[in-house]
Amino acid sequence: MIKFISRRLFNLIFILLGVSFISYFLISLTPGDYLTNLALNPEIPPSIIEKIRKDYNLDKPWYIQYFKWLHNLSPIGFDTKEKHLFIKPPDFGYSFSYKIKVSTLIYQRFGNTILLSLAAQIIIWLLAIPLGLLCAIKENKTLDKIISFFSFTGLSFPEILLGLLALMFAAYTKLFPIGGMTSSNFDEMNSFQKLLDILHHLFLPALILAFTNIAIIIRYARGAFINSLKSPFMKALKAKGIPSNIIISRHIFRNALNPLITLFGYSFANLINSSFLIEVIMSWPGLGLLTLNAIFSKDIFLINASVLLATLFLVLGNLIADILLALVDPRIRYESSNKL
Amino acid sequence: MKKRFCVLLIFLSINLISVIAEKRTEQDFLILPNTSGTKGGTLILASISDPRTFNPLLSSEEQSSSYITNMMFEGLVSINLKTQEIQPALAKKWETSQDGKKWIFYLRKTAKWSDGHPITADDVIFTLNTIYHPKINTPSKDILQVNQSKLKAIKIDDHTVKIILPQVYAPFLRQMEKGSFPILPKHKWEAKVKDGSFLSEMSLSSDPHEIIVSGPYMLEKYVPGQRVILKANPYFYKMDKNKVRLPYFDRIIINIISDYNSIYLKLISGELDLWENVRAEDYSLLKSKASEAKFNIEILGISPGPEMLWFNLNNGINPKTKKTYIDEKKLSWFNNTQFRKAIAYAINRESIIKNIYYQTAKIALGMETESNTFWYNPNLTTYSYDIEKSKELLTKAGFKLIEENSKKKLIDKHANEVKFNLITNSENITRINAANFISSDLKKIGISINVQPLEFRSLVAKLTETYDYDACLLAFTRPDLDPSSTMNFLLSSSGMHIWHPNQSEPFTLWEKQIDDLMHKQLNTYDSQLRRKYYWEVQKIMDEYLPVIYLYAPLSISIYKKNLKNLKCSVIEPHCVWNIEELSW
C-alpha cells in the first residue's frame, strides 16, 4: 500500500510539471501580458510600463520565464555564481496585480473555497445516497421517474440563473443574506455567532452548487444499487429469509459502494473547480474569483498557482478514492496485483 | 487685596494668551464655511473588485485601489471636482515668482499624521525624492517631470517648501493634488525607501496600524475578497463651520461585491448607501424602485469620455513584413478627409442613443463634452445624420455607389469594393450593439463592415503594438478635465495618439498645428489664453476628423435620500471625492 501511494505521489510531480508547462505555453499564445492592460491607462506613462516589464522579466520569451518560475518554485536551488545546489523554501512568486506574494493570496481564499465545496459535497452525498437507493428499490416506478426528473433539472439549469434566483429570493424574503461570506459586523461577534453567521451565508451557495451537481451522483448511486439488487447473492439472501432492511443495510450498501467511492474523489475535485461560477455570482470570497481576475489580467504567477492547485486536488482526490476503495473492497489490494 | 488682583490679572492674561494661541493654531485648520453635519454613523459603499494595494504611489493602476487611497492620503492642494477649482489642502496658501518657475507652498502648522507626528516640509521633500528614486517605478515619476526634467524641492523652514520648475508649466499646480503627489510620512518610510523595499509596503498584507495617513480616513481592517473597513482619522486637518472636526462618519465599510445584480439588490433592500456607476441598461429599473426604497437617483451630466470611432491612419512600414501595417488601398480611403466626414454624416447617433442606451446618453460633437464647461468649444460642426450629404462627399472624394444584385456597393477610383473591419472590446455588450447599428447604417451607403469584438488585451495589443486593424470603436476615460490630461492623446509623438501613434515627425500639417498649440497652452498660466489655443485644437480636430465622436453616456449615481453635503460630479470618484463632508 505504501509503495502504491508513494508511486502515485511521485507521478504527481510529473503531472504538475506537465500541466504548468502547458499552461505557460498556452498563456504565451495570447497577445500581450499583464502590463498591456495598462497601456491605455491615461495616468500611466509608457516609460514606466517598460521599466516594470524589464523588472518582472516579462520581455523575455515564455520558456525562459517558465524556467525562472520553476527555479523559484523548486526546493532545490542552483546558485550560478558558486555553482552548487542548496535547499530553499519554494516561492510561488509575486502577483503583478495584487502586489503581494501569491502564496499569501491563495492562503487567504483557499479555505473559503474548500468550505463551500465541502458543504456542497456533504449536502450532495447526504441526499444522493438515500435518493439513489430509493430510486433503485422503486426502479422505473413513478417515484423513480420524479426523482430523476428533478435531478436532471438541476443538471441542466444554468448555474448563473439559479444564482440570480437565489439572490432575488434572499432579497425579497430577507431570510438569507444577499451573497458574501460574512456580515459587516462580523468582527464584533463572539465565536458562536461567527459560526452561525458563516453558516447563514453558506447555505444558499452550497445548496445551488449541490443542486446543479447532484444528478450525476444520484444516477451513479441508483445504477450501483440496482446492480447489487440484481446480483445472484441477493436471491440467495432472500431465499435464506433475511429481512429486506438488513439485506440493504448490511449487504447492498457495501457492495454498491465500490463505484461510488471512485466517484467521491473525482466529484470533490470537480466541485472545487465548478464552484468558481457560484463564487462570482454570490460574491463568495474564494479562489474562483481570484483565478478569474488573474486570467483576465494575465497575472501569470497567480494563474499558474491556481492551475497547480486545481490539478493537485484532482490527483489527490483520485488518490484518496483509490485508497478508500482498497480499504473497503477486499478484492482490490494493490501490493499483490500485477498492475504495479 | 493687591495680591489677589495680581493673581487675577495673571490668570486673565494666561487665558487671553491661550485663547489667542488657540485662535492662531485654529486658523491653520481648514474651515469649510458652508459645511455642517452630524458626527457619527457608518457609510456602506461597494466595489466590484478588491483593491490591489494601499500604497498611493501604485494605486492609480486600478480604480478599485485608487477609490480607497483617495480617502486616505492628501496632497498639497485638492481639486474641487464639482467646480474644477484648485483648493488648499495640506498647503494653506502658495505663491509664485514673477517668472512663474518658482513656487512656494506654506504648509499648515497644525496638520498631523494619523500617528500624531506633525506633517512638515521634510515629508514633502521626502515624497518627491521617493517618486524620483531610480528603484521606484510609479506613474508619478513621469507625470511630475517637465520635458524630461525633474522638479527641485528646497526646504525653507519646517512648514515652507519651494519647488522650482525648469519652465512655466500650466498643469503644475493641478498636479500637486493627492492623485499624482500624495504626501508620504518621512519618519515612517525613510528606511524602507533607502533599502529599496518601499513598493511592497502598504500592501494588502500589511498591518493596518503601519499605514500612516494624512487624509480623512485610515485603514481599520481588510478582509480579503469581502470588505475594506476604514475609520476616521482623529488628526484630520479640516473642520466644519461649527468647528466640528471632520470627517463626520466614524466608519466606512466598502463591501466587495463581484456581481452587479447583487449590488442592485442590496441597494433596493437598503443594505448599500451609495453607488456611483449606474449602467445605462439598469437606469429605468432603479428609477422605478428609487422612491419606495428611499433613494435619489441623480443624473450627474455627460461623462467626459465620449465614444470614439476612428480609422487606422498609420502609414508607417511594418519592420517585419516590410509593408504598410494595413492594405494600401484601405490607407488611401481612411486618409481621405472627405471619406471620414462622409462616415460621420452616415451614422444615426439618435437611433443608437434611443435603442441601445435607452436615452441615457447624449450626442457628443468633439473630444470635450458640455460637462467640461470651461474648456469645451461649443462652436463645432454638428455632423447630423444626413445620408445625402454623406453620398455627396463620397462622390466628391472619387467614390462611386453602384447597385449589384439589388445590393448597394461603394467602390473607389480603382474599382475596389470598400469594406473593412471594426474592432471593439468584447466585454462591453452595449458597445458591440452600437457597432452593429453602425454596421447597418454604413450598409446604406454601400460600405460593408465586419464587427470584430476582441478581448481587451488583444485589442490593446493591436492598438499599441501591432497596428494591424482598420477601424476601432472605443472610449477613453478622462481622469481630469484640464487640457493637459489630453496631451498624451493629442501629441503626434505619443504612444496614445491613437490613430497614428509614435510619429517621429508629424505626418500631416494639421497634426503639426495641434502639436504646436498644445505645447503653447502648456507654457502659460493664463487660462483665457490657454482656452484660446485649446479651442483652436478642438476646431482642427473637428475640421479634419481623425476621430469621429459619437455620443457620451450619462453619468448616473444613486444614493440614500438622507445623505447630506453630496456634490457629485461626472469625474471619478463622482460622489466620494469630498468624503469628509458627507454625513447623515
**Verdict on B:Asn255 being assigned to a strand (DSSP E or B) and either open to solvent by 20 Å² or more (accessible area, probe 1.4 Å) or touching a Gly at 6+ places or on another chain (Cβ under 8 Å) (or both)** = yes
**Item:** Subset of segment B:109-140 that is aromatic (Phe, Trp, Tyr) and in contact with a helix residue (DSSP H, G or I) (Cβ under 7 Å, 6 or more places away or on another chain) - its residue that is farthest from B:Lys92 (Cα to Cα)
**Value:** B:Tyr132
**Matching entry among B:Asp115, B:Asp158, B:Asp123 (being among the acidic types (Asp, Glu) and crowded, with 18+ Cβ neighbours inside 10 Å)** = B:Asp123
**Fill in**
Within segment A:178-218, residues within 13 Å of chain B (Cβ to nearest Cβ), buried (at least 22 other Cβ atoms within 10 Å of the Cβ) and either out of contact with any strand residue (DSSP E or B) (no Cβ under 8 Å at 6 or more places or on another chain) or more than 23 Å from A:Phe276 (Cα to Cα) (or both) come out as A:Ile178, A:Gly179, A:Met181, A:His201, A:Leu204, A:Pro205
**Prompt:** For segment B:195-238, what are the residues that are more than 10 Å from chain A (Cβ to nearest Cβ), farther than 20 Å from B:Val576 by Cβ and among the hydrophobic types (A, V, I, L, M, F, W, C)?
**Reply:** B:Phe198, B:Ile212
**Request:** Looking only at segment A:161-172, decide whether some residue is touching a helix residue (DSSP H, G or I) at 6+ places or on another chain (Cβ under 6 Å) and free of Cβ contacts under 8 Å to residues at least 24 places away in the same chain.
**Result:** yes
**Item:** Qualifying position, being in contact (Cβ under 8 Å) with a residue 60 or more places away in the chain, outside any strand (DSSP E or B) and buried (at least 18 other Cβ atoms within 10 Å of the Cβ), among B:Val537, B:Val576
**Value:** B:Val576
**Matching residues, segment B:282-303, being within 22 Å of B:Ile429 (Cβ to Cβ), open to solvent by less than 30 Å² (accessible area, probe 1.4 Å) and not hydroxyl-bearing (Ser, Thr, Tyr)** = B:Asp282, B:Leu286, B:Ile302
**Complete:** Among the residues of segment B:500-516, the number that are closer than 17 Å to B:Gly316 by Cα, away from chain A (no Cβ under 14 Å) and either touching a residue at least 60 places away in the same chain (Cβ under 8 Å) or open to solvent by less than 20 Å² (accessible area, probe 1.4 Å) (or both) is 4
**Any chance A:Ser244 is over 30 Å from B:Arg251 (Cα atoms), free of Cβ contacts under 8 Å to residues at least 60 places away in the same chain and open to solvent by 70 Å² or more (accessible area, probe 1.4 Å)** = yes
**Fill in**
Those residues of segment B:456-470 which are of a type outside the set (S, T, N, Q) and either open to solvent by less than 60 Å² (accessible area, probe 1.4 Å) or more than 8 Å from chain A (Cβ to nearest Cβ) (or both) amount to B:Phe456, B:Arg457, B:Leu459, B:Val460, B:Ala461, B:Lys462, B:Leu463, B:Tyr467, B:Asp468, B:Tyr469, B:Asp470
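Each row is one residue, and each column tells you yes or no for (1) more than 28 Å from the chain's Cα centre (by Cα); (2) of a type outside the set (D, E, K, R).
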residue	(1), (2)
A:Leu196	no, yes
A:Arg219	no, no
A:Arg222	no, no
A:Ala239	yes, yes
**Request:** Just one of (1) modelled with pLDDT under 90; (2) within 23 Å of B:Cys568 (Cα to Cα); (3) open to solvent by 10 Å² or more (accessible area, probe 1.4 Å) trips up B:Lys231, so point out which.
**Result:** (1)
**Pairs with Cβ under 8 Å, 6+ apart, first in segment B:336-360 and at positive phi, second among the β-branched types (Val, Ile, Thr)** = B:Gln359/B:Ile353
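The values are calculated or read from the model by the stated rules, or taken from the named source; none is laboratory data. No experiment lies behind these values; they were computed from the predicted model shown. Reconstructed Cβ throughout: ideal geometry from the backbone, glycine too, with neighbour counts over all protein chains shown. Surface areas here come from the heavy atoms of the whole protein model, side chains and all, with no ligands, DNA or RNA. Shrake-Rupley method; radii C 1.70, N 1.55, O 1.52, S 1.80 Å.
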